[in-house]
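Reading through the structure tokens given below for one structure.
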Amino acid sequence: MASAGTIFALDLGTRTGFAFGPIGDVPRSGTVILKDRKEPRAVACGNLIAWLNEKWSVERPTLVVTEAPFSLQAFKDHANAETTVRMTFALHGIVEGMCARYGVEHEEFHSATIRKHFLGVARMGTRAESKRAVVQRCHVIGYMPKDCVDDNRADALATWDYAAATRPAKLYLFGERARALAEEENNQEAA
């Protein structure tokens, strides 16, 4: 069952970064490889469904957040192949469907908005420079170990951080959080 304010952030791609945890904690994070380069798109789609089902069956999030996909014009401007566009929208569609199936709220945020929150600016020069800056910021604030340079994981952490910072959190005073958690456990046991 979900803890209050538990966010699951995804940086969707064939290498999908993820960050998961309640607001106020350092999220658990990593990257899952959905398919090898030569495997068809259907393998990635099936693996994403299986992986999300496995994760959310154990601990359901309150909110799932992703970077919004590029517009079709932006894909064209970046000279992306049709296979990239189809993969991107397939993975986003799966997340939307899984959220509907599990009754979980889903939001998308633009990458520039996330980076502006996380870095203070929307761009740090080239795309590669921006990605390196996100990785470095994750190191500085203790989200990732210094020897990890996985930009998929870092992008998911930045997305998680933005959602956590902009999400209204319930304010607990004088031991109310402990009572609320105990009440939630009792309700789960009764169910």
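The values are calculated or read from the model by the stated rules, or taken from the named source; none is laboratory data. Only a predicted model underlies this, so the values are computations on that prediction, with no experimental measurement involved. Cβ atoms come from the backbone with ideal geometry, glycine included; neighbour counts cover every protein chain shown.
Can you tell me which residues in the range 37-60 are at pLDDT 95 or above and either buried (at least 20 other Cβ atoms within 10 Å of the Cβ) or touching a helix residue (DSSP H, G or I) at 6+ places or on another chain (Cβ under 8 Å) (or both)?
Ala44, Cys45, Leu48, Ile49, Leu52, Asn53, Trp56
Please identify the pairs in which a residue from the range 37-58 that is without any contact (Cβ under 8 Å) to a residue 24 or more places away in the chain and within 19 Å of Val85 (Cβ to Cβ) has its Cβ atom under 9 Å from the Cβ atom of a residue that is surrounded by 12 or more Cβ atoms within 10 Å (Cβ to Cβ) and of a type in the set (Gly, Ala, Ser), counting only partners at least 6 apart or on another chain.
Ala42/Ala90
Return the residues of the range 159-178 that are at pLDDT 70 or above and of a type in the set (D, E, K, R); say none if nothing qualifies.
First, the residues of the range 159-178 that are at pLDDT 70 or above: 159-167.
Within the range 159-178, Asp161, Arg167 meet the criteria.
Restricting the first residue to the range 134-156 and requiring it to be more than 11 Å from Thr31 (Cβ to Cβ), which pairs with a second residue that is assigned to a loop (DSSP other than H, G, I, E, B) and among the aromatic types (Phe, Trp, Tyr) meet a Cβ separation below 9 Å and a spacing of at least six or different chains?
As it stands, the answer is Arg137/Tyr143, since those pairs meet every condition given.
Which pairs turn up if I take residues in the range 78-107 that are within 17 Å of Trp56 (Cβ to Cβ) and look for partners that are part of a helix (DSSP H, G or I) and acidic (Asp, Glu) with beta carbon separation below 8 Å, at least 6 apart in sequence or on another chain?
Within 8 Å, the pairs are His106/Glu96.
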